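Remarks on the structure that follows.
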């Protein structure tokens, strides 16, 4: 059944495409955060192990919400690592196992990168696509990333 929510097919498709990119970055960051959770060592092991666990659980929730938002706009959600890898701007580093400080720095950089992209996506959804719902949804997601970035930054100061 066709989605009839006051947006043109083109705008629905554009917003869904933006969300597919967002979903891909959320997945890449989720996997990286899980890897760091599994491989953290050192003096602050338990504290960072738990910190990363909390962060990947938040990302897991966000991933599901982004995927559902795509469905609400009447589109299918991508769901393979190959599809995610094509769209993600967050990059993996296979075979690289950093120190805890480097893990924190990399996660901070990735969250800040996502925040910057989300700001553009929010503007595009609101102005180009006339999709206030997706713009609002992405604003909430951006705020979550801002909070996580703030926490990570505190560990590095």
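The values are calculated or read from the model by the stated rules, or taken from the named source; none is laboratory data. Because the structure is predicted, anything quoted here is derived from the model rather than measured. Because the Cβ atoms are built from the backbone with ideal geometry, glycine has one as well, and the counts that use them run over all protein chains shown.
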*Going through the range 94-107 one residue at a time, which ones are assigned to a loop (DSSP other than H, G, I, E, B) and in contact with a helix residue (DSSP H, G or I) (Cβ under 8 Å, 6 or more places away or on another chain)?*
97, 98
_Just to be sure I understand the filter: pairs with C-beta atoms under 9 Å, separated by 6 or more residues or on different chains, first member in the range 77-88 and exposed (fewer than 15 other Cβ atoms within 10 Å of the Cβ), second member modelled with pLDDT under 95. Which pairs pass?_
85/92
*Pick out the one residue from 14, 25 that is over 16 Å from the mean Cα position of the chain (by Cα) and under 25 Å from residue 120 (Cα atoms).*
14
*With respect to residue 138, is the statement that it is within 16 Å of residue 35 (Cβ to Cβ), buried (at least 16 other Cβ atoms within 10 Å of the Cβ) and touching a helix residue (DSSP H, G or I) at 6+ places or on another chain (Cβ under 7 Å) true?*
no
_Between a residue in the range 108-129 that is part of a loop (DSSP other than H, G, I, E, B) and any residue that is buried (at least 16 other Cβ atoms within 10 Å of the Cβ), which pairs come within a Cβ distance under 6 Å, given they are 6 or more apart or on different chains?_
129/11; 129/14; 129/15
*May I ask you to say which residue of 73, 7 is in contact (Cβ under 8 Å) with a residue 24 or more places away in the chain, surrounded by 13 or more Cβ atoms within 10 Å (Cβ to Cβ) and closer than 17 Å to residue 87 by Cβ?*
73
